[in-house]
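The values are calculated or read from the model by the stated rules, or taken from the named source; none is laboratory data. None of these values were measured; they are calculated from a predicted model. When we count neighbours, we look across all protein chains shown, and the Cβ atoms used for this are built from the backbone with ideal geometry, even at glycine. Surface accessibility is based on the protein's heavy atoms, side chains included, excluding ligands, DNA and RNA. Shrake-Rupley method; radii C 1.70, N 1.55, O 1.52, S 1.80 Å.
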Protein chains: 4
Amino acid sequence: MNLDFRSDNVAGVSPAIMAALERANSGSDSSYGGDAVTARLTARLRELFETDCAVFPVATGTAANALALASAAPPYGLIYCHHEAHIANDECGAPEFFTGGARLVGLEGDHAKINAAALAAAVAAAGVGEQHHMQPAAVSISQASERGAVYGVDDVAALGDVARRHNLVLHMDGARFANAVAALECSPAAASWKAGVDVLSFGATKNGAMAAEAVIFFRPDLARDALFRRKRGGHLLSKMRFLSAQLEAYVTGDLWLANARHANAMARRLADGLARLPGARLADPAQANEVFVYLPDAMARALEGEGAKFHRWGMDGLVRLVTSFATEAASVDGFLAAAARAVPRAI
Amino acid sequence: MNLDFRSDNVAGVSPAIMAALERANSGSDSSYGGDAVTARLTARLRELFETDCAVFPVATGTAANALALASAAPPYGLIYCHHEAHIANDECGAPEFFTGGARLVGLEGDHAKINAAALAAAVAAAGVGEQHHMQPAAVSISQASERGAVYGVDDVAALGDVARRHNLVLHMDGARFANAVAALECSPAAASWKAGVDVLSFGATKNGAMAAEAVIFFRPDLARDALFRRKRGGHLLSKMRFLSAQLEAYVTGDLWLANARHANAMARRLADGLARLPGARLADPAQANEVFVYLPDAMARALEGEGAKFHRWGMDGLVRLVTSFATEAASVDGFLAAAARAVPRAI
Amino acid sequence: MNLDFRSDNVAGVSPAIMAALERANSGSDSSYGGDAVTARLTARLRELFETDCAVFPVATGTAANALALASAAPPYGLIYCHHEAHIANDECGAPEFFTGGARLVGLEGDHAKINAAALAAAVAAAGVGEQHHMQPAAVSISQASERGAVYGVDDVAALGDVARRHNLVLHMDGARFANAVAALECSPAAASWKAGVDVLSFGATKNGAMAAEAVIFFRPDLARDALFRRKRGGHLLSKMRFLSAQLEAYVTGDLWLANARHANAMARRLADGLARLPGARLADPAQANEVFVYLPDAMARALEGEGAKFHRWGMDGLVRLVTSFATEAASVDGFLAAAARAVPRAI
Amino acid sequence: MNLDFRSDNVAGVSPAIMAALERANSGSDSSYGGDAVTARLTARLRELFETDCAVFPVATGTAANALALASAAPPYGLIYCHHEAHIANDECGAPEFFTGGARLVGLEGDHAKINAAALAAAVAAAGVGEQHHMQPAAVSISQASERGAVYGVDDVAALGDVARRHNLVLHMDGARFANAVAALECSPAAASWKAGVDVLSFGATKNGAMAAEAVIFFRPDLARDALFRRKRGGHLLSKMRFLSAQLEAYVTGDLWLANARHANAMARRLADGLARLPGARLADPAQANEVFVYLPDAMARALEGEGAKFHRWGMDGLVRLVTSFATEAASVDGFLAAAARAVPRAI
């Protein structure tokens, strides 16, 4: 039984996406995005997001975030984010690299979400217009958050209001955008540009693609540079149709939401089961496909002894468990059963 | 009939590589290169190159080149290359971006190849050690060249000697390394590090992969930074096994050389046929999988009228035709027949 | 009466330094540092620091810090400093610019000083060697600190030990190095390299020069790049002798220490006087030439009403007062008298 | 007798500028450009240039050029210049550094001047809008040129037309702007913005200042970033009044033009004298304060033997002689006499 809950990127590729890759592999087609698949993808994403957005497919989430931020902040810009954000902790400085030296400002906030008040306070303290200080330029939020929580549409809109008031670009790191939309049960448009998002990293890799994300600009002025920055960053794939084919399959017939709903349901099942165990305590609401839970060390070790895999998140017993489109209910139940067996030892 | 000779990247994916992707898609595995496929790939490449090299798979040739050069040149460094080099003309400044502002110096040379004498002269004129001037740091050669020519092993060794004498890193842009090795009929080691190459962009995409290249460092001191620069550049794939699987299949059972030999043979067939046509004149030796030929404009237009696709290379009638692993002899013959039909109009 | 305590850079130029500029203005001399004055300066600084250091004069403290850090940290490096550090708050991202995107990590610590334990803990949490994370590269301390406190030689040595253990470069921002050395009553060598400092921004501007600092490398391997980075940063003065002449005069006959001792004494006199006033409370030890004091708002306003100038430091009544080589005792006494007059209103 | 013709930066400081520095050294004043001198300087330069320009004083010409170009070109931008331009050859990559990796494209042209036709041809070949190629962004011309020639106002206007047609920023490196204006006998406005110049590096150091230049933006949209880029580059002087005082004295009562006229006259005298010598041959018109002349090697060595100093410019006997505000007619005559004495040996 697969008890691997380390990440949603330990999973493979959704069968429908693999099939799309096979289909794309016939004959020759224009390279570098001049192909028919990429054209269809752009049209489909505009339909899905109900707006005339600019679309730049890339192979990694870090590339998507970094390109988005490079269009959002000058080299002397400040980018506000939660201090636990992926861009701040897990991208080895990609935002600094692509922006030419902008700075991330880590804000506090429950469940790895920032809020409008904290953002407004930070901007107020920044010294806008003063030559000695880097200048507020952008806000980046992770949807779902690094702690598996989901911003409500109103939360995003409140941040969007502050952003607009201070002329900041609002970026959404949507590596798990599908999981968030599935949780919010709203339209992609409502979850993004209608709530004030200017540029979205639209993730697919964690939710069934092989290596496919898209930077989606809802403000055309921001997209101007991106064509050149993508190439310059080495992120323009020559056989682009194989990247676009993944994304096209992903947003065809609701695959993206179906995958995300499944992953979310598995996380819910896991969280609910763990919450009932003596000694275990949920640290964050499991609104998307991640469960953060405090486990007694003996329980964590017992689970590992039975072959379960997951990440220790800090040193105080906090554990992260991630589900994906490929997670089977039996695996969740198997994990919960193993955890239950460990209860006597753990308490 | 497929008369698309625009590039080797208009072709799709080699069946064996597609099959490897299917095989890699089972169960879960460690992400970010901690997987079994990546481990096997590294071992296989060390065996193939007969040395303990460091291997960094990435998805694009531009990324491979830029990461290689970032390890080779400081921000104030000069990188010598042919003025027609891909890094100079077709990567939108990726070398400048990844190095933090190093400068490319375009040298002259027949068939888009540079030579040791021109390199030595350029270094001699650079003002080594003088604070006003950027400092010689690296040489980058394209193997095969942008004009479809192949450096002899001795040519490379002569450049390697100059490089070593002046403490320059020798980088080989091997986007078409397979085609060159197939032409040279030597070992990969003889074509690279034994001739003085310090770091190689080992291409696979143009020769049958979907999106897969590898930066291969033959000097461990140069590889030190690359782990962090790759991630920082957004070039570390989370589901790395699918990238490594492409490369593993590529270097298994000589697929890479078989594909290259076929492409080279098709280019040879095309070049030989064209050379026999009145009015056509080969511009460069077709030693790899590219044919550069001057065609009468009427002939070029007639060919396009029959559905043939190729790039006009400048304004004087020069045309580039590229073959690939997927090019069929019938396509070559069809192209030649169409060209022959156009002769009366062309002369 | 001059009641301007805003900063030590509101003062002018020490007469001896002005005289040196006049003297330097005769005849022609080699440009870009090839002149006799620069040669003498380097020799003198090596004598003063009792070691064979490398010296790079520049015109601003920000340039000195940024060049020092560019030699100390790669683009993916982490630079530890106090969160109130000048490099973090008042240089508009110069460290990020010159390093190519390294990141500052702000540590806590009383009186704007960091300590060895906090540094060690931060390094331990950084994920050394892990590709997702920026890598610990350097520590930067301000001597004297942004709050007018002075690191003891032992404090520096403790930080130096941690730095060496983790292969970090230890940078000292010595914009007020003279004030610190005057306070410590030790040799410049003891205050710097003997305590583990690898590179020092040796300030003169705040202490009587017109525009003159020097980056002093105590590790020759770190200095290798600096020659080119200085020029590339636009910080190589063509008529260098006028920059070197300032520094030469500064370190001739103890001018630098005499100026600093005077400034420190004036700060001490100011701090002592304020400490005696009802309602005023010193926030930090006034060990160098800055006084941080909480003043009742009415007192602060009254002082401003009498023409005194100083910076409000945040919103809770904290005020910064800075003295310099040019501060007269009468000014200090005048300020204290005005403050005393304001006591009745303030309490 | 001073026979030092190596450069105009081997000279010292104009007495009037030295006096201004002395005057500025009284009392305390606001730092970082908030002082009265800087305010007066800005007003004066707006008057002199007859327009509401933005003024950023800095200490070096490299800083001025690099800051100007950073506002003019994105990281993926092309900057056209003459291949002998100072920004291309003598600034160790400062343009690349400050722009974040833009690329200089060296054009041909007599006497180190480019022309509108060559510029238009280069832009036409650049691939505007194509993602693979860096994008035309700016033109930079040196006035006077690196070979001592002066662009006519019409030449500049023709370049300005091409620039505007292709949306390029026109930058003028005016390290020797005064010499050019003196030669042109036109107004500073006519020589700059009225002819299409968008941003000017207004030099003073080579013409009598100690270390003072100004970036002058004639287009306010370009100046937006410069406030932050200057600080971030370490080019905001804390005791700014001493920098501004130099520039103020420089543009007061025509000192700048008087100095330049003298330097030009000395160059003219030198060129005329050399032109009459058998064996010597002028390489470029000596329109400003530089003389480029082919000298027989025996003559050059004889001159050096008599204590004359100058730069060998390449290996074919070309020699550069530079005059300045401080060059005395007796020195020129002395040099010519020595050269005349060497004629018998030289021919």
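Considering only residues that are under 30 Å from residue D:10 (Cβ atoms) and at the interface with chain D (Cβ under 7 Å from one of its Cβ atoms), which ones fall in the stretch C:2-20? C:12, C:13, C:18 - these are the residues of the stretch C:2-20 that are under 30 Å from residue D:10 (Cβ atoms) and at the interface with chain D (Cβ under 7 Å from one of its Cβ atoms).
Among the residues of the stretch D:129-138, is any over 27 Å from residue D:9 (Cβ atoms) and in contact (Cβ under 8 Å) with a residue 60 or more places away in the chain?
Within the stretch D:129-138, one or more residues are over 27 Å from residue D:9 (Cβ atoms) and in contact (Cβ under 8 Å) with a residue 60 or more places away in the chain.
Every residue, every condition in (1) part of a helix (DSSP H, G or I); (2) within 29 Å of residue D:240 (Cβ to Cβ), yes or no:
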{"position": "C:2", "(1), (2)": "no, yes"}
{"position": "C:6", "(1), (2)": "no, yes"}
{"position": "C:13", "(1), (2)": "no, yes"}
{"position": "C:26", "(1), (2)": "no, yes"}
{"position": "C:42", "(1), (2)": "yes, yes"}
{"position": "C:46", "(1), (2)": "yes, no"}
{"position": "C:67", "(1), (2)": "yes, yes"}
{"position": "C:111", "(1), (2)": "yes, no"}
{"position": "C:117", "(1), (2)": "yes, no"}
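Among the numbered conditions (1) within 9 Å of another protein chain (Cβ to nearest Cβ); (2) free of Cβ contacts under 8 Å to residues at least 24 places away in the same chain; (3) of a type outside the set (A, V, I, L, M, F, W, C), the only one that residue A:47 does not meet is (1). Per the conditions (1) of a type outside the set (Asp, Glu); (2) in contact with a helix residue (DSSP H, G or I) (Cβ under 7 Å, 6 or more places away or on another chain); (3) open to solvent by less than 20 Å² (accessible area, probe 1.4 Å), the sole criterion not satisfied by residue D:277 is (3). For the stretch A:285-298, a residue qualifies if it is farther than 25 Å from residue A:14 by Cβ, in contact (Cβ under 8 Å) with a residue 60 or more places away in the chain and open to solvent by less than 10 Å² (accessible area, probe 1.4 Å), and exactly one does: A:292. So is residue B:144 in contact (Cβ under 8 Å) with a residue 24 or more places away in the chain, of a type outside the set (Lys, Arg) and closer than 30 Å to residue A:66 by Cβ or not? Considered against the rule, which asks whether it is in contact (Cβ under 8 Å) with a residue 24 or more places away in the chain, of a type outside the set (Lys, Arg) and closer than 30 Å to residue A:66 by Cβ, residue B:144 comes out as no. Scanning the stretch B:159-171 for residues that are among the small types (Gly, Ala, Ser) and more than 14 Å from every other protein chain (Cβ to nearest Cβ) turns up at least one hit. Can you spot a residue in the stretch D:327-347 that is open to solvent by less than 10 Å² (accessible area, probe 1.4 Å) and at pLDDT below 95? Within the stretch D:327-347, one or more residues are open to solvent by less than 10 Å² (accessible area, probe 1.4 Å) and at pLDDT below 95. Sort out which residues of the stretch A:228-263 are more than 9 Å from chain B (Cβ to nearest Cβ) and among the small types (Gly, Ala, Ser), and write them in order of number. Result: A:244, A:245, A:249, A:253, A:258, A:260, A:263. Among the conditions (1) open to solvent by less than 10 Å² (accessible area, probe 1.4 Å); (2) assigned to a loop (DSSP other than H, G, I, E, B); (3) within 14 Å of another protein chain (Cβ to nearest Cβ); (4) over 20 Å from residue A:38 (Cα atoms), residue A:197 misses just one, which is (3). Restricting attention to the stretch D:17-47, the residues being open to solvent by less than 50 Å² (accessible area, probe 1.4 Å) and small (Gly, Ala, Ser) number 7. Residues in the stretch C:73-94 that are more than 14 Å from chain D (Cβ to nearest Cβ) and part of a loop (DSSP other than H, G, I, E, B): 6 in all. Would you say residue D:179 is at pLDDT 95 or above, part of a loop (DSSP other than H, G, I, E, B) and more than 11 Å from chain B (Cβ to nearest Cβ)? No; evaluated as a whole, the condition is false for this residue.
In the stretch B:216-282, counting only helices (runs of 4 or more DSSP H) that sit wholly within it, the ones holding 1 or more residues that are over 28 Å from residue B:186 (Cβ atoms) and in contact with a Ser or Thr (Cβ under 9 Å, 6 or more places away or on another chain) span B:226-232, B:241-250.
Which members of the stretch A:310-331 meet the condition of being more than 17 Å from residue A:273 (Cα to Cα) and of a type in the set (D, E, K, R)? Correct list: A:312, A:316.
Cβ-Cβ distances below 6 Å connect the following pairs, each with a first residue in the stretch C:299-326 that is hydroxyl-bearing (Ser, Thr, Tyr), a second residue that is open to solvent by less than 70 Å² (accessible area, probe 1.4 Å) and part of a helix (DSSP H, G or I), and a separation of six or more residues or different chains: C:323/C:263; C:323/C:266; C:323/C:267; C:324/C:263. Here residue D:232 fits the description: under 19 Å from residue D:33 (Cβ atoms) and either touching a helix residue (DSSP H, G or I) at 6+ places or on another chain (Cβ under 6 Å) or not aliphatic (A, V, I, L, M) (or both).
If the condition is being open to solvent by less than 10 Å² (accessible area, probe 1.4 Å) and more than 10 Å from chain B (Cβ to nearest Cβ), then the stretch A:55-72 contributes A:57, A:68, A:69, A:70. Take residue A:189 and decide whether it is in a helix (DSSP H, G or I), touching an Asp or Glu at 6+ places or on another chain (Cβ under 7 Å) and away from chain B (no Cβ under 14 Å). For residue A:189, the condition - in a helix (DSSP H, G or I), touching an Asp or Glu at 6+ places or on another chain (Cβ under 7 Å) and away from chain B (no Cβ under 14 Å) - is met. Restricting attention to the stretch A:76-135, which residues are closer than 20 Å to residue A:149 by Cβ, surrounded by fewer than 22 Cβ atoms within 10 Å (Cβ to Cβ) and among the β-branched types (Val, Ile, Thr)? The answer is none; no residue qualifies. Exactly one residue out of C:174, C:208, C:203 is away from chain D (no Cβ under 14 Å), under 19 Å from the mean Cα position of the chain (by Cα) and within 21 Å of residue C:10 (Cβ to Cβ): that is C:174. Condition check for residue C:50 on (1) out of contact with any helix residue (DSSP H, G or I) (no Cβ under 8 Å at 6 or more places or on another chain); (2) open to solvent by 40 Å² or more (accessible area, probe 1.4 Å); (3) modelled with pLDDT of 95 or more: one failure, at (1). Of the listed requirements (1) basic (Lys, Arg); (2) touching a Phe, Trp or Tyr at 6+ places or on another chain (Cβ under 7 Å); (3) in a helix (DSSP H, G or I), residue D:341 misses just one: (2). Do we find a residue being over 30 Å from residue C:212 (Cβ atoms), in a helix (DSSP H, G or I) and either modelled with pLDDT under 95 or not acidic (Asp, Glu) (or both) anywhere in the stretch D:286-296? Among the residues of the stretch D:286-296, not one is over 30 Å from residue C:212 (Cβ atoms), in a helix (DSSP H, G or I) and either modelled with pLDDT under 95 or not acidic (Asp, Glu) (or both), which makes the answer no.
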